[in-house]
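Student: Got a structure for you, questions after.
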Amino acid sequence: MPLVLVVDDEVNILQLLKYNLVKEGFQVIEATNGNDAIKLTGEKTPDLIILDKMLPEMDGFDVLRILKSNRQSASIPVIMLSARDEMLDKVLGLELGADDYITKPFSPRELVARIKAHLRRKRPPVEEEAVREEIRVNCLVIQPEKYEALLDGVRLELTQKEFELLYLLVANPGRVFTRDSILEKIWGYNYDRKSRTVDVHIRYLRQKIERDPANPEYIETVRGVGYRFREVH
């Protein structure tokens, strides 16, 4: 039974989420501030976190930074909640490692559907999945069994979604992936077509693996279509 941590300082939101999640078969633990959220994550290791942006003591973005900088919690999917429907907030949340961003008021059914989609995308136990071989491209090394990537021998700090996106591209050199196909393969469902989720993650990946992100040698943009990993001969 998946364990979901809900972090929100509004009691009515906590009750609404807990009711709908329990009804769908989830276990739920709650926190009303950032410090408790970080503590519970370390103690319970939830399968997914629903994190409100506006929290007392420290805001949701600060909590997200801490969670994603810790190896124990970095791969836990995080869905951000916010009453602000501003693109800047969404982009910042995604850049910090959030896997999804939902604006209040929201549909509980849609939120539950997104939670299930993210949990389907979580990495299965190693013993249950086929062995995926290490991939080397120049100074870039992808180690799928460890969920790690190295550049010039140095481990890259990647979120789960960043790693999955990088692996998808590197494992299929020269193949062009549309934004919609990337959303389906990595996030497990189709976002709003106006979403910048893929573009934000591509930009963040380029900052981490490209020597000059403005002139990428690995991840190419195919104008009007999507992205591909350049074939190296």
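Yes or no, residue by residue, for (1) surrounded by fewer than 17 Cβ atoms within 10 Å (Cβ to Cβ); (2) of a type in the set (A, V, I, L, M); (3) under 16 Å from the mean Cα position of the chain (by Cα); (4) closer than 29 Å to LEU165 by Cα:
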position: MET1; (1), (2), (3), (4): yes, yes, no, yes
position: LEU14; (1), (2), (3), (4): no, yes, no, no
position: VAL22; (1), (2), (3), (4): yes, yes, no, no
position: GLU30; (1), (2), (3), (4): no, no, no, no
position: SER73; (1), (2), (3), (4): no, no, yes, yes
position: PHE106; (1), (2), (3), (4): yes, no, no, yes
position: ILE115; (1), (2), (3), (4): no, yes, yes, yes
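Student: Now for a different question. Of the numbered conditions (1) β-branched (Val, Ile, Thr); (2) surrounded by 19 or more Cβ atoms within 10 Å (Cβ to Cβ); (3) in contact with a strand residue (DSSP E or B) (Cβ under 9 Å, 6 or more places away or on another chain); (4) modelled with pLDDT under 90, VAL225 satisfies every one except a single condition; which is it?
Tutor: (2)
Student: When you look at LYS44, is it within 20 Å of the chain's Cα centre (by Cα) and more than 19 Å from GLY97 (Cβ to Cβ), yes or no?
Tutor: Against the criterion (within 20 Å of the chain's Cα centre (by Cα) and more than 19 Å from GLY97 (Cβ to Cβ)), LYS44 qualifies.
Student: Within the range 1-39, count every residue that is within 16 Å of ASP62 (Cβ to Cβ) and part of a helix (DSSP H, G or I).
Tutor: Of the residues in the range 1-39, 6 are within 16 Å of ASP62 (Cβ to Cβ) and part of a helix (DSSP H, G or I).
Student: Among the numbered conditions (1) of a type in the set (Gly, Ala, Ser); (2) over 19 Å from GLN160 (Cβ atoms); (3) surrounded by 22 or more Cβ atoms within 10 Å (Cβ to Cβ), tell me where SER82 comes up short.
Tutor: So SER82 meets the others, but not (3).
Student: Report, by residue number, each residue of the range 23-73 that is over 27 Å from ARG109 (Cα atoms) and polar (S, T, N, Q).
Tutor: Hits for the range 23-73 are ASN35, SER69, ASN70, GLN72.
Student: Another question about this same structure. Output the number of residues of the range 166-175 satisfying the condition of being touching a residue at least 40 places away in the same chain (Cβ under 8 Å) and surrounded by 15 or more Cβ atoms within 10 Å (Cβ to Cβ).
Tutor: Matching residues across the range 166-175 total 4.
Student: Still on this model: Just give me the residues in the range 45-71 being among the hydroxyl-bearing types (Ser, Thr, Tyr) and either outside any loop (DSSP other than H, G, I, E, B) or buried (at least 16 other Cβ atoms within 10 Å of the Cβ) (or both), in sequence order.
Tutor: SER69
Student: Next question. Surrounded by 12 or more Cβ atoms within 10 Å (Cβ to Cβ) and modelled with pLDDT of 80 or more - does that describe any residue in the range 188-195?
Tutor: no
The values are calculated or read from the model by the stated rules, or taken from the named source; none is laboratory data. A quick note: this is a predicted structure, and the numbers were derived from the prediction, not measured. Every residue, glycine among them, receives a Cβ derived from its backbone with ideal geometry; neighbour counts consider all protein chains shown.
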